[in-house]
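Enquirer: My questions all concern the structure below.
The values are calculated or read from the model by the stated rules, or taken from the named source; none is laboratory data. Note that the structure is a prediction, hence the values are computed from the model and not measured. FYI the Cβ positions are ideal-geometry reconstructions off the backbone, even for glycines, and counts take in every protein chain you see.
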Amino acid sequence: MRDVLDDIERWRLDGRRLAVARVVGIEGSGPRDPGATLVASEAGEVAGSVSGGCVEGAVVTEALAVLRGEEPRLVTYGIADEEAFSVGLTCGGTIHILVEPLDWFPVYEVLRDALRSEEPVAVVTVVEGPSLGTKLVVGEQIEAVGSLGAADLDEVVKRDALGQLQSALTGTRHYGLHGEARQNEISVFIESFARPPRMIIFGAVDFTAALAGVAKVLGYRVTVCDARPVFATRTRFPAADEVIIDWPDSYLSRVGPELSPLDAVCVLTHDHKFDVPALVAALETRAGYIGAMGSRRTTEARKKRLLEAGVDEAGLARIVAPIGLDVGARTPEETAVSICAEIIARRTRHAAPSLRDRGGPIHLERSGEPPQPLALAETGSAGRP
């Protein structure tokens, strides 16, 4: 919903009726995660995606039917269905999509305002059972709005939704009609909109500008922090949400308690006066990724200083240094991509080669010859992995 919010508001200002289609369940391999949203206007305009192109045409047809007055519906596309092949879903999984008119007010307004202010919020929708499409919106700082049809059900689901929101989890839960556990009379889809993950970058260097830009594309709220005001300027880091002039440990003493496993701390300073205090302070937070730039020699020297500062082996193991995946990056932009790729791999627990796990120089000598394309035997059909 966050991705199509501007389109929704623009079309609403024009007075157009809208239908929303959301992925509310996946079985097996799915092209988009639960929560992926497509919105269609009565004029046939479309924004967003529920399948990366596989079933969009069929879903738009369903959306326009809803706008013509037909009932909201839960539609399913799967590899075993002939209709799935006809619309192009051949990924091997099944997706469940709720299609409904955008008439869930005031729930929508509460959701919109929370998303714009980056306030954590969760929207609960009945996807199976009585009152299909009824909604409840909850948040830690937001009074619950809406109802699923029964007060006792609302209380139980509100509690569970707040729990999922704290863990940034989106998914389906099942209840009895009055909130009873271990029953399956009603299924609700809980979509969590946690605050955007944070990336704190220490060191006002050229690599920082590139990393801030890539991180913003991935949805991070980016802070650049450096104690040197001549380098830490908005002009040098236009992509950052904020540029802070402060020592790393001082800054983390203020914001560290707010960091979660979804957040990242990247130390790009190359100066032990900055990076050692920054890393020591970062290890006292719950940040899910702590990385430090530097050569093998710099990394070993820093390790000794960290041990002298009282960091134990468990703490050292949390620090990814040298930072980034081993993709042969050299430029600031390439390095930024390798760092963000490593953050994604660690968050998804995906095996990927890290520079920390390879010996020898970080920058291997290049032959000077143009890169050779991989053989089809190595990549599979049509050169795709």
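Enquirer: For the range 21-28, state whether one or more residues are part of a loop (DSSP other than H, G, I, E, B), at pLDDT below 90 and of a type outside the set (Lys, Arg).
Expert: yes
Enquirer: Now for a different question. Please verify whether the range 191-206 includes one or more residues that are farther than 24 Å from Leu5 by Cβ, touching a strand residue (DSSP E or B) at 6+ places or on another chain (Cβ under 6 Å) and of a type in the set (S, T, N, Q).
Expert: Taking every residue of the range 191-206 in turn, none turns out to be farther than 24 Å from Leu5 by Cβ, touching a strand residue (DSSP E or B) at 6+ places or on another chain (Cβ under 6 Å) and of a type in the set (S, T, N, Q).
Enquirer: Considering only the range 240-268, state which residues are out of contact with any Pro (no Cβ under 8 Å at 6 or more places or on another chain) and surrounded by 17 or more Cβ atoms within 10 Å (Cβ to Cβ).
Expert: The answer is Ala240, Val243, Ile244, Tyr251, Leu252, Gly256, Leu259, Val265, Cys266, Leu268.
Enquirer: Here is a follow-up. If you check Ile319 against the conditions, is it at pLDDT 95 or above, of a type in the set (A, V, I, L, M, F, W, C), closer than 22 Å to Lys216 by Cα and surrounded by 18 or more Cβ atoms within 10 Å (Cβ to Cβ)?
Expert: No: the conditions fail for Ile319.
Enquirer: Now for a different question. Of the residues Thr235, Thr285, Thr269, which single one is without any contact (Cβ under 8 Å) to a residue 12 or more places away in the chain and among the hydroxyl-bearing types (Ser, Thr, Tyr)?
Expert: Thr235
Enquirer: Which residues, counting only those in the range 322-332, are surrounded by fewer than 19 Cβ atoms within 10 Å (Cβ to Cβ) and either of a type in the set (D, E, K, R) or closer than 25 Å to Glu258 by Cβ (or both)?
Expert: Asp326, Arg330 - these are the residues of the range 322-332 that are surrounded by fewer than 19 Cβ atoms within 10 Å (Cβ to Cβ) and either of a type in the set (D, E, K, R) or closer than 25 Å to Glu258 by Cβ (or both).
Enquirer: Does Ser49 meet the test of being within 16 Å of Ile95 (Cα to Cα) and buried (at least 19 other Cβ atoms within 10 Å of the Cβ)?
Expert: yes
Enquirer: Still on this model: Could you tell me how many of the residues in the range 163-186 are of a type in the set (A, V, I, L, M, F, W, C) and either buried (at least 18 other Cβ atoms within 10 Å of the Cβ) or assigned by TED's automatic domain parsing to the domain that holds Arg73 (or both)?
Expert: Of the residues in the range 163-186, 2 are of a type in the set (A, V, I, L, M, F, W, C) and either buried (at least 18 other Cβ atoms within 10 Å of the Cβ) or assigned by TED's automatic domain parsing to the domain that holds Arg73 (or both).
Enquirer: Something else now. Going through the range 314-350 one residue at a time, which ones are of a type in the set (D, E, K, R) and within 27 Å of Ala168 (Cβ to Cβ)?
Expert: Scanning the range 314-350 gives Arg318, Glu342, Arg346, Arg347, Arg349.
Enquirer: Kindly evaluate Asp226 against the criterion of being farther than 18 Å from Val337 by Cα and at pLDDT 95 or above.
Expert: Criteria met by Asp226.
Enquirer: Moving to a separate point now. For the range 277-307, which positions are assigned to a helix (DSSP H, G or I), surrounded by 14 or more Cβ atoms within 10 Å (Cβ to Cβ) and of a type outside the set (A, V, I, L, M, F, W, C)?
Expert: Once the filter is applied, which keeps residues that are assigned to a helix (DSSP H, G or I), surrounded by 14 or more Cβ atoms within 10 Å (Cβ to Cβ) and of a type outside the set (A, V, I, L, M, F, W, C), the range 277-307 yields Pro277, Arg296, Thr298, Thr299, Arg302, Lys303, Arg305.
Enquirer: Separate question: Of all residues in the range 115-148, which are within 16 Å of Leu165 (Cβ to Cβ), touching a residue at least 60 places away in the same chain (Cβ under 8 Å) and surrounded by fewer than 18 Cβ atoms within 10 Å (Cβ to Cβ)? Step through it out loud before you land on a result.
Expert: So the first thing to find is which residues in the range 115-148 are within 16 Å of Leu165 (Cβ to Cβ), and the list is 115, 117-125, 135-146.
Then drop every residue that is not touching a residue at least 60 places away in the same chain (Cβ under 8 Å), which leaves 115, 118-125.
Within the range 115-148, Leu115, Glu118, Glu119 meet the criteria.
Enquirer: Something else about it: Among the numbered criteria (1) hydrophobic (A, V, I, L, M, F, W, C); (2) under 30 Å from Leu148 (Cα atoms); (3) more than 16 Å from the chain's Cα centre (by Cα), which one does Phe207 miss?
Expert: Every condition holds for Phe207 apart from (2).
Enquirer: Specify which of the listed residues (Ala341, Ala352) is assigned to a helix (DSSP H, G or I), within 30 Å of the chain's Cα centre (by Cα) and at pLDDT 70 or above.
Expert: Numbers: Ala352 fails: assigned to a helix (DSSP H, G or I).
The match here is Ala341.
Enquirer: Now for a different question. When the residues of the range 136-155 are filtered to those that are under 27 Å from the mean Cα position of the chain (by Cα) and of a type in the set (A, V, I, L, M), which remaining residue is farthest from Leu177 (Cα to Cα)?
Expert: Ile142
Enquirer: Still on this structure, I have one more. Evaluate the range 29-40: report whether one residue or more is more than 22 Å from Ser192 (Cβ to Cβ) and either touching a helix residue (DSSP H, G or I) at 6+ places or on another chain (Cβ under 8 Å) or in a strand (DSSP E or B) (or both).
Expert: For the range 29-40, residues more than 22 Å from Ser192 (Cβ to Cβ) and either touching a helix residue (DSSP H, G or I) at 6+ places or on another chain (Cβ under 8 Å) or in a strand (DSSP E or B) (or both): present.
Enquirer: Sort out which residues of the range 99-128 are touching a His at 6+ places or on another chain (Cβ under 9 Å) and not hydrophobic (A, V, I, L, M, F, W, C), and write them in order of number.
Expert: Glu128
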